[in-house]
Amino acid sequence: MNDVLKDIEKQLDSLKTKAVKENVGTVTEVGDGIARIEGLSEVQASELLDFGNGLFGIALNLEAYNIGAVLLGDFTYLKEGDTVKTTGQILQVPVGEAVVGRVVNALGLPIDGKGPIKSTKKYPVEKIAPGVITRKSVSVPLQTGIKAIDALIPIGRGQRELIIGDRNTGKTTIAIDTIINQKDVICIYVAIGQKTSKVAQIVAKLEQTGAMEHTIIVSATASDPATMQWLAPYSGTTIGEYFMDQGKDALIIYDDLSKHANAYRQMSLLLRRPSGREAYPGDVFYLHSRLLERSARLNEDYGGGSLTALPVIETQAGDVSAYIPTNVISITDGQIYLEGDLFFAGVRPAVNVGLSVSRVGGAAQTKAMKSVAGRLKLDLAQFRALQAFAQFSSDLDPQTRSQIERGKRITEILKQPPFSPVALEDQVVILYAATNGYLDEFPVEKAREFEIQYLKALSLREKKLMAEIADKKVLDEKLTSQLEKFTKEFIKSFSKINK
Amino acid sequence: MTKNKRLLKLVNLAVTQSFEKGKLNIKKVTIFVTGFKKLPSNQAIFALSEYLKGIKRVVAEHTAIIESPVKLSDVEINKIIKPLNSSFLILNSEFKVDPSLLGGVKVKIGDTVLDHSVSRKIEQVRKKITGNI
Ligand SMILES: Nc1ncnc2c1ncn2[C@@H]1O[C@H](COP(=O)(O)OP(=O)(O)OP(=O)(O)O)[C@@H](O)[C@H]1O
Ligand SMILES: [Mg+2]
């Protein structure tokens, strides 16, 4: 008790109370999380406004003598004629280690019932993106643990890769799998406009797999005001930026930016801004570009940290040419395209490898993966080309037939159930087996069984080999011949039971 | 929308021209008001209400509202206003008693507030102790 008093005394000694000059305004209209204000002639764009009684807002529409502001919090008691003050600050959210493992709202306040966040550091939610001189090109992989992605659409740390597809095609699952697969990367999952029950399921899954220990969830669900949904991705990015500034690697997922754009549209209509294409306000492109620009890989002079972004976009009936999808495609470094038809045909994850690209991630792919991925791409491309016309002709030449059979087995190997990421070395060896035709002599239905048995046998009998691939991340001649020898042996025993 | 914007610009111009060194020029006001009345009725209502708002705004910019927990004499009020004229052009003043200030004074001119009250200083102490904004 005495210590507390002494502490307070010390603080008060250093405090000089002073007269204050402030800029005030009067509320002229309130509703739907928006307020119109007269006065505040000195306010700046995005400045935090103090409405009193713990209610704050952000100044958005600056007109000659009145402004529009979004309200952050319970505004039931705010009424016409109330006074507003400028604060000279931009909204800040708590950042740092203390936030890790927590579920927070768009203001960075905890909503998981685990008590207050003991963070002493705060960052402003709007920040200038890192400049060109501070950046470095992508060269370290961000392993998702999903075979189809790590092999064919590799993602590098600091990259922005879009996950795009219709509803219910496995977009969120890819994001969550990627979080589960991380070890030294801090993950931030921003849930925008989703059902509260879905977010709860995600939190439960991350807790159950232990991934919550390196994850932060920023949640603005469908039941939160549009303004909170608009703000959430910026708060999440701010939390991630802190780790990047500390020289660490962070990953942020925006699930999803379609709902974010909708929230922004709703907010803009309330602010009476003119609307343009598809009724979105004219600056909706800037809304997402200034968000995604903040993801980067910093060079060594700036600590070498990174922030990787996986934005999610939901399309309607596969239409990627709608306004918001085209915008986001143009500001990302590639996209993972998920297709409803594939999903229903049982190809899950439903990645359309033909339409998916990663424009910079190739530079970050490990040598081990590169040594199998080249062949894999070729086999799949040929398969796609042949597949279409295989349906029409019954008598194919043997070479064509074998290419089709190979393609079917590879497709089977690229399937993967949710929440079971595969380690790099396991991905490399199973893709090695598939692309080298070791599965060709077994029926397609046996492919999954083959994978399970093969990986099990390797982990039991070739521990050293697997450890070496994991460690060096290469598949050199020596390791390849070792693997080849083992695989041939394995085939013999596997065919005894499975022909 | 754009029509209203153009009208609003016009109204704001009229507002500035209705004042001379902070003083309202009644003659000009009459001219502007008669002018606005001639507009189609929906535009006239809009223009007149914006004009009135503008006039009130400018008048407020030249009016000092002084608040204190106890009644102040005219001499005291003038003492408060005088130094303010270096940064504002104060032509009118109003006085209000507000016991919740506890001590000191608070002056409001337009949308600027100069708060020299005891309650505000206590507030600063509270913030320092609790660390809240
Ligand atoms: N690789 C997979 N294998 C099997 N099932 C999967 C796979 N990926 C996703 N699913 C299942 O498909 C369903 C939809 O997945 P998910 O929620 O990830 O899709 P989404 O595109 O995010 O959907 P929404 O549009 O609702 O956000 C879930 O029930 C999930 O378990
Ligand atoms: Mg989803």
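The values are calculated or read from the model by the stated rules, or taken from the named source; none is laboratory data. The shown structure was predicted, so the numbers you read here are calculated from the model rather than taken from an experiment. We place every Cβ from the backbone using ideal geometry, glycine too, and count neighbours over all the protein chains shown. The protein model used for the area step is the full one, side chains on, heavy atoms only, and it has no ligands, DNA or RNA in it. Shrake-Rupley method; radii C 1.70, N 1.55, O 1.52, S 1.80 Å.
Kindly evaluate A:L162 against the criterion of being under 22 Å from A:V328 (Cα atoms), open to solvent by less than 10 Å² (accessible area, probe 1.4 Å) and within 16 Å of ligand 2 (Cβ to nearest atom).
Yes.
When you look at A:Q208, is it within 12 Å of ligand 1 (Cβ to nearest atom) and at pLDDT 95 or above, yes or no?
no
Looking at A:A191, is it assigned to a strand (DSSP E or B), among the small types (G, A, S), open to solvent by less than 20 Å² (accessible area, probe 1.4 Å) and within 16 Å of ligand 1 (Cβ to nearest atom)?
yes
Just checking, which of A:L298, A:L338, A:L291, A:L342 is out of contact with any Phe, Trp or Tyr (no Cβ under 9 Å at 6 or more places or on another chain), farther than 24 Å from A:A151 by Cα and buried (at least 17 other Cβ atoms within 10 Å of the Cβ)?
Just a single option satisfies the conditions, and that option is A:L298.
Which of the following residues is modelled with pLDDT under 95, over 26 Å from A:K171 (Cα atoms) and either within 16 Å of ligand 1 (Cβ to nearest atom) or over 26 Å from the mean Cα position of the chain (by Cα) (or both): A:A433, A:A381, A:A390?
A:A390
Say whether the condition of being closer than 22 Å to A:M228 by Cβ and not in a loop (DSSP other than H, G, I, E, B) is met by at least one residue in segment A:5-28.
Scanning segment A:5-28, I find at least one residue that is closer than 22 Å to A:M228 by Cβ and not in a loop (DSSP other than H, G, I, E, B), so the answer is yes.
Quick one: which helices (runs of 4 or more DSSP H) lie wholly within segment A:362-481 and hold at least 1 residues that are in contact with a Leu (Cβ under 9 Å, 6 or more places away or on another chain), free of Cβ contacts under 8 Å to residues at least 24 places away in the same chain and of a type outside the set (S, T, N, Q)?
A:367-390, A:398-414, A:463-472
Of these, A:D471, A:D476, which one is within 24 Å of A:A211 (Cα to Cα) and surrounded by fewer than 20 Cβ atoms within 10 Å (Cβ to Cβ)?
A:D471
Counting only residues that are in a loop (DSSP other than H, G, I, E, B) and under 26 Å from A:S46 (Cα atoms), how many does segment A:125-159 have?
7
Here is a list of conditions, (1) buried (at least 16 other Cβ atoms within 10 Å of the Cβ); (2) hydroxyl-bearing (S, T, Y); (3) within 12 Å of chain A (Cβ to nearest Cβ), and B:T63 meets all of them except one; can you say which number that is?
Unmet for B:T63, out of (1) buried (at least 16 other Cβ atoms within 10 Å of the Cβ); (2) hydroxyl-bearing (S, T, Y); (3) within 12 Å of chain A (Cβ to nearest Cβ): (3).
Do we have A:T173 as among the polar types (S, T, N, Q), open to solvent by less than 10 Å² (accessible area, probe 1.4 Å) and at pLDDT 95 or above here?
Criteria not met by A:T173.
Hey, does segment A:189-206 have a residue that's more than 10 Å from ligand 2 (Cβ to nearest atom) and closer than 18 Å to A:Q365 by Cβ?
no
Note down all Cβ pairs under 9 Å where the first residue falls in segment A:167-183 and is in a loop (DSSP other than H, G, I, E, B), the second is aromatic (F, W, Y) and more than 9 Å from ligand 2 (Cβ to nearest atom), and they're at least six residues apart or on different chains.
A:N168/A:F343; A:T169/A:F343; A:G170/A:F343
Run A:A200 past the list (1) touching a residue at least 40 places away in the same chain (Cβ under 8 Å); (2) surrounded by fewer than 22 Cβ atoms within 10 Å (Cβ to Cβ); (3) assigned to a helix (DSSP H, G or I); (4) not charged (D, E, K, R) and report the number of the one that doesn't hold.
With (1) touching a residue at least 40 places away in the same chain (Cβ under 8 Å); (2) surrounded by fewer than 22 Cβ atoms within 10 Å (Cβ to Cβ); (3) assigned to a helix (DSSP H, G or I); (4) not charged (D, E, K, R) applied to A:A200, the lone miss is (1).
Between A:V84, A:V93, A:V30, which is over 31 Å from the mean Cα position of the chain (by Cα), open to solvent by less than 30 Å² (accessible area, probe 1.4 Å) and under 27 Å from B:E123 (Cβ atoms)?
Going through A:V84, A:V93, A:V30 in turn, just one is over 31 Å from the mean Cα position of the chain (by Cα), open to solvent by less than 30 Å² (accessible area, probe 1.4 Å) and under 27 Å from B:E123 (Cβ atoms): A:V84.
Restricting to segment A:1-31, what's the tally of residues that are more than 10 Å from chain B (Cβ to nearest Cβ) and either within 30 Å of B:K108 (Cβ to Cβ) or at pLDDT 85 or above (or both)?
Selection size over segment A:1-31: 4.
Yes or no: B:V113 in a strand (DSSP E or B), within 14 Å of another protein chain (Cβ to nearest Cβ), within 30 Å of A:V93 (Cβ to Cβ) and of a type in the set (A, V, I, L, M, F, W, C)?
yes
State yes or no: is A:E241 away from ligand 2 (no atom under 16 Å from the Cβ), out of contact with any strand residue (DSSP E or B) (no Cβ under 9 Å at 6 or more places or on another chain) and either modelled with pLDDT of 95 or more or assigned to a strand (DSSP E or B) (or both)?
For A:E241, the condition - away from ligand 2 (no atom under 16 Å from the Cβ), out of contact with any strand residue (DSSP E or B) (no Cβ under 9 Å at 6 or more places or on another chain) and either modelled with pLDDT of 95 or more or assigned to a strand (DSSP E or B) (or both) - is not met.
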